[in-house]
Amino acid sequence: MLCSNGFVLSVPLAKTYLHNKSPKFANCAPLLLKAECYHYLFDAVIKLNQLGLDSTTRTHGPIRNSDGALSSIRNVKLSAKARALASNGDIEPLRRCIVLDIEGTTTPISFVTDVLFPYARDNVGRHLDATYDSAETQDDIKLLRAQVQEDLENGVAGAVRIPSSDAGKEEVIAALVTNVEAMIKADRKITALKALQGHIWQTGFKKNELEGVVYNDVPEALERWAALGVKVYIYSSGSRLAQRLLFGYTNYGDLRKYLCGFFDTTVGNKKETKSYHEITASLGVDHPSEILFVTDVYQEAIAAKTAGLEVIISVRPGNGPLPDNHGFRTIKSFSEI
């Protein structure tokens with residue numbers, strides 16, 4: 001027997017337990033198990049009602065009166081928001097998951113290009129010097145060596161050879177700094193760079209030298225989706241560590257409590273369809289269309305749509321232009337979702 005609290009208990013097992021406690025109650029096991037399930041279901045109905053949501057429908061939209069008008073329940077801010085959307089006819093079936101891009105979607109592009117990137121560039125040498133012998137930094141250097149070697153073979157501009165460790169710490173760091181600066185300038189979306197940047201930013205956030213920035217509609221939307229049971233994930237070219245830092249130290253406090261997970265370039269390039277197949281498999285949905293992906297980049301939208309995901313393009317100040325007749329729904333605020 002599966003109860004709504006997630007526990008599975010068979011009737012024979014319950015009978016055995018109750019018989020050991022008191023044999024005369026053994027035959028009551030089925031009734032007691034039913035009562036336990038009903039108890040949790042009843043609690044769930046009460047919770048939905050408190051949120052101003054209808055427990056009798058699959059989408060759990062706002063409660064309506066018998067004449068179709070919205071209920072007057074106003075126990076929480078979410079209910080008012082849901083009523084406003086419903087009154088405009090904007091209520092949509094709930095999706096199981098929402099996957100959000102960061103730059104130009106949750107966060108201004110200018111924060112990344114004008115704050116985070118310069119901080120990493122200006123502090124890469126200091127960070128490598130201070131942490132050179134740590135296992136974490138040695139792993140970062142190993143990734144950078146492999147990437148630079150590949151870049152040299154492919155004739156990538158700005159790549160310079162990194163000497164062996166025998167050449168000495170100073171020479172190794174100097175070559176690493178040259179390569180990292182070139183990678184940052186080219187805005188390369190590669191794991192080796194993003195891993196190091198994440199570790200540099202970690203120091204900055206913990207020293208209060210950095211503070212994550214999100215648009216003012218983001219916190220309320222995350223809270224609303226969480227209350228509705230929609231799972232929210234982040235997919236960014238920045239490392240998972242960098243993502244957790246940005247949402248953990250925002251101008252609105254720690255928003256990680258509303259997020260269920262983070263995806264980065266280890267899943268794949270954001271402009272490749274196979275990356276979204278990987279995300280779909282990881283989230284365990286029955287169909288890709290149960291996932292809504294929100295991004296500001298047209299090529300990412302195409303890749304996600306090809307993989308079967310629902311897609312919305314975020315149009316924020318400073319975002320790049322979109323092609324004419326691109327065919328995607330666009331939003332200017334998460335309040336529109």
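The values are calculated or read from the model by the stated rules, or taken from the named source; none is laboratory data. Computed from a prediction, not measured in an experiment: that's the story for all the values here. When we count neighbours, we look across all protein chains shown, and the Cβ atoms used for this are built from the backbone with ideal geometry, even at glycine. Accessible surface is based on the protein model in full, side chains and every heavy atom, while ligands, DNA and RNA are left aside. Shrake-Rupley method; radii C 1.70, N 1.55, O 1.52, S 1.80 Å.
Once the C-beta distance of Asn208 and Asn325 is scaled by a Förster radius of 51 Å, the resulting FRET efficiency is 0.65 to the nearest 0.05. Ligands, DNA and RNA are left out, and with a 1.4 angstrom probe the accessible area of segment 161-297 is 44 Å² per residue. You can think of it this way: the chain between Asp286 and Asp187 has 32.1 nm of extra reach, that is 0.36 nm per residue less the Cα-Cα gap. Using Cβ point charges alone (K and R +1, D and E -1), the dipole size of segment 145-259 about the Cα centre works out to roughly 380 debye.
For segment 211-317, the Kirkwood estimate of the hydrodynamic radius, built from every pair of different alpha carbons, is 14.4 Å.
Cβ-Cβ distance of Lys271 and Ala157, R₀ of 22 Å, FRET efficiency by 1/(1 + (r/R0)^6): the value works out to about 0.55. Can you flag which of Lys207/Lys231; Lys231/Lys332; Lys257/Lys305 are past 24 Å Cα-Cα? The answer is Lys207/Lys231; Lys257/Lys305. Each residue of segment 176-185 is assigned a 3J(HN,Hα), and the resulting list reads 4, 4, 4, 5, 5, 4, 5, 5, 5, 4 Hz, derived from the Karplus form 6.51 cos²θ - 1.76 cosθ + 1.60 (θ = phi - 60°), x at Gly and Pro. Here the accessible area is traced with a 1.4 Å probe on the protein chains. For segment 179-329, carbon and sulfur cover 46 percent of it.
For segment 169-211, taking Cα atoms only, Rg and Dmax work out to 11.8, 33 Å respectively.
So how do 155-166, 174-185 stack up, highest first, on mean other-Cβ count within 10 Å?
174-185, 155-166
Mean projection of the Cα convex hull over all viewing directions, computed for segment 154-269: 9.2 nm².
Here the extension length gained between Thr131 and Ile302 equals 57.5 nm, from 0.36 nm per residue of separation less the Cα-Cα distance.
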